[in-house]
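The structure appears below as structure tokens.
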Amino acid sequence: MDFEFNDTERAILDNAKSFLDKAMATEAARHRDHMVPKETMHGLLKRLAPFGFLGTLIPEADGGSGLDFLTSIRLYEELFRVFPALAGTAFVNQMVGYGIYMDGTPDQKSRYLQGIISCEIIGCQAATEPEVGSNPKDIRMRARKDGDGYRLSGRKVWISNGSIADLCVVLVRTDDGQTNRMLVEKEGFSTRELETLGQRGWSTAELAFDNTWIPECQRMDGQGVGAQQTLRDFTVARCFAAIMSVGVAQAALDAAIIYARERRQWGKPIGQHQLIQAMVADMATELDCARLMTYRAAWMVHKGVRADTQAAMAKYYASEAAQRITSRAVQIHGALGLSRDLPIEGYFRDARMTSIPDGTSQLQQLLIARNILGLAAFGDARPNA
């Protein structure tokens, strides 16, 4: 596996990093504890466009930036480091666009794809329900056939981008018991923002569909393909969840290093005290492990190699490591680490969020063990990965 940059990739990443540090850090601080309003988010997303963040997995010929998956992951690592709410919104939006690019009809691509890539349209994906989490095959939300379309009824919860979305890719169960994805525009659902522990700048909402009618042309998949494609997307999403953890942890480590060099106690910088050095060493080592595991999973996705085990490992390890790293950053800062005057406690709260979405840490453990042992704690066993 080769994680070295070529000249083009280095230029892309250096330009993006410089832009984010100069232009986005202030915006991130402004929206640290409050959801970014929709119109503001539209503007922020458009500012990312020249740096390759939008449509990274879609070829340039089709309007995207045409980056490979590993380069895209590394680009988003920098954005998650500086502005997690913007990074999360952009990632979900591009996943909606990528799903339409891969699985949408020509008409759906014509109507939505360029709007998503240009961020005129903000998208969300809705699979999770009040009684259904990580297993899309258990979806209960119904789509009843009604003339030349469908009637959708039900609720979706913990939907990223939900309350600011113009378009929703919703996973439903049709009359024949199959799962399918439907494209629903904003007028077809109501939203309620859900307050969360961390990542408060990023919309997380409940969506309600009340006998919403959509035409047949809004169905994305052939019968029963929706759950399969949703499971495919989980591997990609877990890589991004892992790199989110890496980005947030890197921000916390950077802050801890600066503080340990500047803060003096007993006549010297606290970074010269052995226990502080031990914490910094642990933080840096765990962060490097998380980063390399995530790069490995992303490289396998880029090469078209099955990577569900490696993506689960990366997501599991990186999210748990990020909590330990940010906790140590709080400890190094002492009382200031508890204060809202600095972003440190925010990093801790953001990191705590990462071990639950896209499958909890416990679910990742079960997936990893199932693929290694060929013995399932739930569902059917699968061949060794």
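A few notes on this one:
- When we screen Thr71, Thr40 for residues that are in a helix (DSSP H, G or I), of a type in the set (S, T, N, Q) and modelled with pLDDT under 95, the only hit is Thr71.
- Whenever a residue of segment 193-221 is free of Cβ contacts under 8 Å to residues at least 40 places away in the same chain, its partners that are surrounded by 13 or more Cβ atoms within 10 Å (Cβ to Cβ) and among the acidic types (Asp, Glu), lying with C-beta atoms within less than 9 angstrom and at least six residues away or across chains, give the pairs Leu194/Glu206.
- Helices (runs of 4 or more DSSP H) wholly inside segment 263-378 containing at least 2 residues that are of a type in the set (Asp, Glu): 274-302, 308-333, 344-353
- Scan of segment 1-25 for residues that are free of Cβ contacts under 8 Å to residues at least 12 places away in the same chain and assigned to a helix (DSSP H, G or I), ordered by number: Asp7, Thr8, Arg10, Ala11, Asp14, Ser18, Lys22
- Count of segment 286-306 residues, restricted to those that are in contact with a Cys (Cβ under 8 Å, 6 or more places away or on another chain) and either surrounded by fewer than 20 Cβ atoms within 10 Å (Cβ to Cβ) or among the small types (Gly, Ala, Ser) (or both), is 2.
- Failed item in (1) of a type in the set (A, V, I, L, M); (2) over 19 Å from the mean Cα position of the chain (by Cα); (3) more than 14 Å from Gln218 (Cβ to Cβ), with Leu152 passing the rest: (3)
- Any hit, segment 76-86, residues being surrounded by fewer than 21 Cβ atoms within 10 Å (Cβ to Cβ) and part of a loop (DSSP other than H, G, I, E, B): no
- Selection from segment 293-319 of residues that are hydrophobic (A, V, I, L, M, F, W, C), more than 15 Å from Phe234 (Cβ to Cβ) and in contact (Cβ under 8 Å) with a residue 24 or more places away in the chain: Met293, Trp299, Ala318
- The criterion of at least 2 residues that are outside the structural domain of Leu113 (by TED's automatic domain parsing) and touching a Pro at 6+ places or on another chain (Cβ under 6 Å) is met by the following strands (runs of 3 or more DSSP E) wholly inside segment 134-179: 149-160.
- Meets criteria (hydroxyl-bearing (Ser, Thr, Tyr) and part of a loop (DSSP other than H, G, I, E, B)) for Thr56: yes
- When the test is whether a residue is surrounded by fewer than 23 Cβ atoms within 10 Å (Cβ to Cβ) and either in contact with a helix residue (DSSP H, G or I) (Cβ under 6 Å, 6 or more places away or on another chain) or modelled with pLDDT of 90 or more (or both), Leu57 passes it.
- Test: residue in segment 342-358 that is hydroxyl-bearing (Ser, Thr, Tyr) and surrounded by fewer than 17 Cβ atoms within 10 Å (Cβ to Cβ): no
The values are calculated or read from the model by the stated rules, or taken from the named source; none is laboratory data. Treat the numbers as computed from the prediction; the structure is a model and nothing was measured. Every residue, glycine as well, gets a Cβ built from its backbone with ideal geometry; the counts of neighbours run over all protein chains shown.
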